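One structure is given below, encoded as structure tokens.
The values are calculated or read from the model by the stated rules, or taken from the named source; none is laboratory data. Bear in mind the structure is a predicted one, so any value in this text is a computation, not a measurement. When we count neighbours, we look across all protein chains shown, and the Cβ atoms used for this are built from the backbone with ideal geometry, even at glycine.
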Amino acid sequence: MAKICTDAGHGGQDSSAVWQDALEKDLNLLYTKALNTELKKRGHTVFTTRTSDVQVPPLGTRCRLVNEHYRQQAPQFDLIVSIHCNAAAIKENGVYKAVSSRRGLYVIYSQESEASRTAAQTISKQCAAADIHLNHHGRLSTVQLGRALAGIHKTIPPAVLIELGFMTNPEELALLKSDTYREEMVKTLADGIEKYLFA
Ligand SMILES: [Zn+2]
């Protein structure tokens, strides 16, 4: 059985993306809690960064804390999974306008970590096989990120950041809010995580 660290992105005063009546921090927490339940049900030990709507340090700081724990062997995570939701907007005449056409699930990893790349590719393949986003138009992908975004490149254990879908896409927002979809999503993510850890 594995030790997995999950992270519900943002929280407290940091809502991140807000679209219509949906806050990214709330969706992230909802999905992370469901994923925690699913992973525990499968016998894994789960550590998580927040279980309510509280402000936690930014992702870069969270990663540094993980590394301190890792060095002290308390605990040594097998994988870190940070859960987020996406939003797309363009600036027109000084005003941000949502771009509803962008869609799809992204599993983001650091190109500096071979293990993170394998984890991201395994999880995204599992999502594709489960037809998670029926109309992702090839956007279901792993994205190679350098130092600019996410901070996940600095962790000692492998880490992935999952953008579940676009809040600014009406179809995906409806899916993200659906209990059935959430159940299907967390099972698929757990399948992908297990495939990576035990393949
Ligand atoms: Zn986010």
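Given the criteria assigned to a helix (DSSP H, G or I) and either touching a residue at least 60 places away in the same chain (Cβ under 8 Å) or away from the ligand (no atom under 16 Å from the Cβ) (or both), does A120 qualify? Yes, satisfied.
The residues of the range 73-100 that are away from the ligand (no atom under 16 Å from the Cβ) and within 15 Å of T6 (Cα to Cα), listed by number, are P75, Q76, F77, D78, L79. One residue stands out among those in the range 162-177 that are surrounded by 24 or more Cβ atoms within 10 Å (Cβ to Cβ) and not in a helix (DSSP H, G or I): the one that is farthest from the chain's Cα centre (by Cα), which is N169. Taken as a whole, the condition of being outside any strand (DSSP E or B), surrounded by fewer than 15 Cβ atoms within 10 Å (Cβ to Cβ) and among the aliphatic types (A, V, I, L, M) applies to V54.
Scanning the range 5-44 for residues that are among the aliphatic types (A, V, I, L, M), more than 11 Å from the ligand (Cβ to nearest atom) and touching a Ser or Thr at 6+ places or on another chain (Cβ under 7 Å) turns up just one, L35. Restricted to the range 85-109, and to residues there that are touching a His at 6+ places or on another chain (Cβ under 8 Å) and on the phi < 0 side of the Ramachandran plot, the residue that is modelled with the lowest pLDDT is R103. Can you spot a residue in the range 78-92 that is among the charged types (D, E, K, R) and assigned to a helix (DSSP H, G or I)? No, there is no match, as no residue in the range 78-92 is among the charged types (D, E, K, R) and assigned to a helix (DSSP H, G or I).
Among all positions in the range 104-113, there is no residue which is among the aromatic types (F, W, Y), part of a strand (DSSP E or B) and surrounded by fewer than 17 Cβ atoms within 10 Å (Cβ to Cβ). Looking across the range 1-18, the residues that are surrounded by fewer than 19 Cβ atoms within 10 Å (Cβ to Cβ), touching a residue at least 12 places away in the same chain (Cβ under 8 Å) and not in a loop (DSSP other than H, G, I, E, B) come down to K3, D14. T180 passes every criterion in (1) buried (at least 22 other Cβ atoms within 10 Å of the Cβ); (2) modelled with pLDDT of 95 or more apart from (1).
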